[in-house]
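Data block below; observations after.
Derivation of every value follows stated rules applied to the coordinates shown; laboratory data play no part. Because the structure is a prediction, the values reported are computed rather than measured. Don't worry about glycine lacking a Cβ; one is built from the backbone with ideal geometry, like all the others, and counts go over all protein chains shown.
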Amino acid sequence: MTESSSGATSTDVVDILTTDHQEMVALIGQIEGTSDPSQRRDLADTVIAEVMRHAVAEEMFVYPAVEEHVPNGTKEVEHDKKEHDEIVRLMKQVEDVNAADPEFMELIRELEAKLRHHAKDEESEQFPQLRAHIPAEKLIDLGEKVEKAKKLAPTRPHPHAPHSELFHKTVGPGVGMVDRLRDKLTGRHTG
């Protein structure tokens, strides 16, 4: 959190993304804490929507900043996008499995492990680099862009969609609109 010249408190992109990581892992903990399949499904749908929003916003705004400002940024981003691909494929599997099936919880535990690993990489390596190489005002600006992007992003996994800034900025809002309409029509909980 940083105080601007107007006295308002703003949150930078690192704080926003770190909070997202904590909330996603907490939601998975809630899934693991209930035996009710319908509650598990609702919580899983919420986790999936949050992960998708987070990943799309990162790919639109954070990864280009990492590539530009962080030493070895392009290599870091390639690694992160591969992890995003794995997570998206796994979330698609979660969507396709009945929450009462024992396989559902196996997939949830695998998702939790992948999310924790991805968050640890970003929080311990990339986020400190972002703070070291990008001025605080730009980190706040990135945070605002990320928050806006999360509102328009898809809420469902699309394993065959490209993980690119251009795709997310041009086609992504339309995909997100269709996802949110489908969510509403099917009664799917997405947070």
Förster radius 30 Å - calculated FRET efficiency between Glu95 and Thr18 (Cβ-Cβ, nearest 0.05): 0.70
Per-peptide average of other Cβ atoms within 10 Å, ordering 58-69, 14-25 highest first: 58-69, 14-25
Label-point separation in nm, Asn72 to Glu137, each point 7 Å along Cα→Cβ: 3.2
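Taking R0 as 25 Å, what's the FRET efficiency between Gln39 and Ala113 from their Cβ-Cβ distance, rounded to 0.05? Before the final figure, lay out the partial values.
Numbers: r = 22 Å, r/R0 = 0.87.
Efficiency computed from Cβ-Cβ geometry: 0.70.
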